[in-house]
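Colleague: Here it is, the structure, as structure tokens.
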Amino acid sequence: QELTEILETTQRALIDVRAVSQTYRAMSLATEVDTLFATLRNLGVHAQVRGSAGPLPSDIETTLATVLREGVTNMLRHSRVGTCVVRLHREQGAVRLTVTNDGLDDCPAAAFSDARPGSGLNNLRDRVEAVEGRLTAEVTDGKWFSLTAVVPLPAKTAAPRHWLVRPLHPSGRGMHDSATVA
């Protein structure tokens, strides 16, 4: 039953990612964070979202939302994840999004690199490069996989005035996951 639900969730996410990559519709990073958090919680995965980037230009926000969605889709398809950590922050005129998970115990890192043009990490790399950014993927300690997108911000993009931290789900419901949003 659980495997069927995971497969169905993953297939829906993959269909959504393909639709986004084909239509390039605007996406909300905050909505993707909320969806990620709810999906992973329902699958029994401990999820943390840390940081904020403040307001972003639409093309950059859509690109980062796509990286987040595809990164989580790949994580669910190719690993046995127990913990997923998403970090988002501004740094020296750029915004950085990192999606890390601990699910590579019995899964080869090669499962994350799809050599076919227009799919997998190559598609994401193309999307990130289209906004002058860079995408990297790495495996650390033999089981942690990290996908990082760093995208430069236009000089006129204002930095966030403050950081607002709030849990996405009330802790009174037994949730120990956390998130930080702008």
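Colleague: Here are some residues: Leu40, Leu64, Leu7. Which one is assigned to a helix (DSSP H, G or I), open to solvent by less than 50 Å² (accessible area, probe 1.4 Å) and more than 19 Å from Val150 (Cα to Cα)? Walk me through it before giving the result.
Modeller: On the way: Leu64 fails: more than 19 Å from Val150 (Cα to Cα); Leu7 fails: open to solvent by less than 50 Å² (accessible area, probe 1.4 Å).
Of Leu40, Leu64, Leu7, the one residue that is assigned to a helix (DSSP H, G or I), open to solvent by less than 50 Å² (accessible area, probe 1.4 Å) and more than 19 Å from Val150 (Cα to Cα) is Leu40.
Colleague: Further, regarding this structure: Any residue at all in the stretch 160-172 that's at pLDDT below 85 and assigned to a strand (DSSP E or B)?
Modeller: Keep residues of the stretch 160-172 that are at pLDDT below 85, which gives 160-172.
Still in the running and assigned to a strand (DSSP E or B): 164-165.
Checking the stretch 160-172: at least one residue is at pLDDT below 85 and assigned to a strand (DSSP E or B).
Colleague: May I ask you to list pairs of residues, at least six apart or on different chains, whose Cβ atoms are under 6 Å apart, with the first in the stretch 72-85 being under 12 Å from Gly120 (Cα atoms) and the second being part of a loop (DSSP other than H, G, I, E, B) and of a type in the set (D, E, K, R)?
Modeller: none
Colleague: Please determine whether any residue of the stretch 96-104 is buried (at least 20 other Cβ atoms within 10 Å of the Cβ), in a helix (DSSP H, G or I) and modelled with pLDDT under 90.
Modeller: no
Colleague: Then there's this: Among (1) within 20 Å of Ala137 (Cβ to Cβ); (2) surrounded by fewer than 21 Cβ atoms within 10 Å (Cβ to Cβ), where does Ile15 come up short?
Modeller: With respect to (1) within 20 Å of Ala137 (Cβ to Cβ); (2) surrounded by fewer than 21 Cβ atoms within 10 Å (Cβ to Cβ), Ile15 is out only on (1).
Okay, residues lined up against (1) open to solvent by 30 Å² or more (accessible area, probe 1.4 Å); (2) over 21 Å from Asp34 (Cβ atoms); (3) modelled with pLDDT of 95 or more:
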residue	(1), (2), (3)
Met75	no, no, no
Glu91	yes, yes, no
Leu135	no, yes, yes
Val139	yes, yes, no
Phe145	no, yes, no
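Colleague: Residues in the stretch 18-28: is at least one at pLDDT 85 or above and out of contact with any Gly (no Cβ under 8 Å at 6 or more places or on another chain)?
Modeller: Yes; the residues of the stretch 18-28 include at least one that is at pLDDT 85 or above and out of contact with any Gly (no Cβ under 8 Å at 6 or more places or on another chain).
The values are calculated or read from the model by the stated rules, or taken from the named source; none is laboratory data. Here the structure is a predicted model, which is why all the values come from computation and not from measurement. In this analysis, Cβ positions are derived from the backbone assuming ideal geometry, glycine residues included, and neighbour counts consider all displayed protein chains. What goes into the accessible areas is simple: the full protein's heavy atoms, side chains included, and nothing from ligands, DNA or RNA. Shrake-Rupley method; radii C 1.70, N 1.55, O 1.52, S 1.80 Å.
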